[in-house]
Each structure stands twice: as C-alpha cells, then as structure tokens.
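Beneath this line is the structure, given in structure tokens, with notes to follow.
Laboratory data are not the source of any read-out in this text; all were calculated from the coordinates shown. Treat the numbers as computed from the prediction; the structure is a model and nothing was measured. Every residue, glycine among them, receives a Cβ derived from its backbone with ideal geometry; neighbour counts consider all protein chains shown.
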C-alpha cells in the first residue's frame, strides 16, 4: 500500500496536486489531522486492497505538528506500507502574488504581520519537513499542465500514457449551442436526409441515413479533415493539462447529419484506443 503525504507551503499548490493525484487513482483526503493518520492507515489496510494508493493533504504549521508527522512516518516503517512525502514549494514573490490575487489571508498572518513575514515564518517551521521530503515540487513557474506532467512523471512513470476523456456530441442548432462544448463544428452545409421521405423518420444512427450522408464526397472529406485536425490537437490538449474534451457537431435539427458524423468520429476514437462517449443531445426532439 502506498501512503503519500502532501504538504508544503500555503499557496504552493497542495490542493491542486491532490486533484492531479486523484486523476492518477489515488484516494485523496484533504486537511487530514496528523494525529488521525496512523488510525487512518490501519483502516485502509483493513480494506484488503481497496485503497492501494492514498494521498493525504496536511497543513503542518506548528512545530509539534511536523514533529508528530515525522514520528508517525517512522513508526509505520517496516510494515506493508510505503510512506513518502511530497513537499509543494514556491518562491516568495510567487506566493505573495498568489495571495494578492486570491485576496485570502495567509494562515499565519495576523494584525501587523505582512504576507512576506508569514511566508518566512512558515518556511522556517517547515524546513525540517522539507529536508525529509521524498519529492519537492516548486510550482513557481509551472502552469497547470506542467504541474500535471511533473506529477504524472513522478507517480505514474515517464512511459505511462496520459489520456483525455472525450465526449462526441451531436446537436441541433435550432435548439441552441451546447454550453459544455469545447469545440463546435457545423455540418449544415451537407445534403440533408430530412428531405428524403423514407429517411425523414430515421436518425443518423440508422444505416440508410449514414450511407446517404457519406455517399457525398464532401461528407467524407469533412470527416477526414476533422479526424486529422483532432489527431494534431489532442496531444497538445493533453500536454496543456486538459483532462476532458467535448467535441460538438451540429446540424439543423440534430437528428440526421450531425448524428451520423458524431457516431463516425466516436467510432474513430474508440478504434484508436481512446476513451470516448457518444451523446446525441437532440436526436429525439
């Protein structure tokens, strides 16, 4: 069982690190009191494999607190438990800027105590814990994507594949744009099966409609160019730290052309080993 303690300077990104680790299948608990950690470790072991990777975020700002944490880690050594510390760090200028932007007080601030003084005090208090840390991540110049890449490299391995969750959505313009869409493509330039009497009651999921849509060269070319563009974009979105992407394709009513194209695009992603879900928002309207 892996037991990871996430600690470090306030404002350095402990909660953000926990969010990333949660995406790496860690069971994360924020603001865990040090005194409860040994008991929590026992409970996790008692589940017999249900919680194999656990990450606990803790704020250790008082001397007794981090002394207790170091003692607790020593007591757990030798058991079927891997205990490590991830220390989140940042430089003074970055931390002061973040507190100014968030307009939140530093946890160690007090009347007459500046943010700079509070950061210096916390840095001194946590220096023994920083020296003991297994991993130190300085977030001063890291974007969210860079932080995800760093933590992914540390805790999932350089060779592991980072994935993005895809949703391919069809919709009808007459019912409005989908608010959750990241990318929107308009298929209304294609010949419309709605005006073919026998196809009108069907949808783009029915083979005759799909065959009608893709019988036109412009439909096939549109899909090919869409697949090519997305094969270029997806690695860049992943590198930037995006975890989900909704791709919406619209036609007039959201029942024929957009459904056929969205279904084909979703099949393309699934065939390529990507995690993709098809949603036909307006197919029954």
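Return one number: the angle in degrees, 0 to 90 and rounded to the nearest 10, between the long axis of the Cα atoms of helix 217-239 and the longest principal axis of the Cα atoms of the chain.
So the helix axis and the longest Cα principal axis differ by about 0 degrees.
For residue 1 and residue 146, compute 0.36 nm times the residue count separating them, minus their Cα-Cα distance, and round to one decimal in nm. Spell out each step's value before the answer.
Working: separation 145, 0.36 × 145 = 52.20 nm, distance 2.73 nm.
In short, 49.5 nm is gained.
In bins 10 Å wide, starting from 0, what share of all Cα pairs of the stretch 165-280 does each bin hold, as a percent?
Cα pair-distance distribution for the stretch 165-280, in percent: 14, 48, 30, 7, 1.
Between residue 74 and residue 136, with labels modelled 7 Å along Cα→Cβ, what's the label distance in nm to one decimal, could you check?
Between residue 74 and residue 136, the label points sit 2.1 nm apart.
So what is the relative contact order for the chain, in percent, with contacts set as C-alpha pairs under 8 Å and at least six apart?
Values: 450 pairs, mean separation 59.0, N = 285.
Once normalised by length, the contact order is 21 percent.
How big is the Cα convex hull of the chain in projection, averaged over all directions, in nm²? Intermediate values should be presented prior to the final figure.
On the way: hull surface 78.5 nm².
Computed as one quarter of the Cα hull surface, the answer is 19.6 nm².
How much of the pair distance distribution for the stretch 2-155 lies past 27 Å, counting alpha-carbon pairs only, in percent?
Values: 2680 of 11781 pairs.
Across the stretch 2-155, Cα pairs with separations above 27 Å total 23 percent.
Spin-label point model (7 Å from Cα, Cβ direction): what's the residue 101 to residue 214 distance in nm?
4.5
How far, in degrees from 0 to 90, does helix 144-155 lean away from the longest principal axis of the Cα atoms of the chain, to the nearest 10?
Around 70 degrees separate the two axes.
Once both axes come from the Cα atoms, what is the angle between helix 14-23 and the longest principal axis of the chain, in degrees from 0 to 90, rounded to 10?
Between the helix axis and the principal axis of the chain, the angle is about 50 degrees.
Contact order normalised by length for the stretch 165-280, with contacts defined as Cα pairs under 8 Å and 6 or more residues apart; what percent is it?
On the way: 183 pairs, mean separation 62.0, N = 116.
So the answer I get is 53 percent.
What is the order of 244, 139, 123, fewest Cβ neighbours within 10 Å to most? All intermediate terms of the calculation are to be shown ahead of the outcome.
Details: 244 12, 139 25, 123 15.
Ascending number of Cβ neighbours within 10 Å: 244, 123, 139.
Could you please state, rounded to a whole Å, how far the C-alpha centre of the stretch 216-285 is from the C-alpha centre of the stretch 169-196?
12
What spacing in nm lies between the two simple spin-label points modelled at residue 271 and residue 252, each 7 Å away from Cα in the Cβ direction?
3.0
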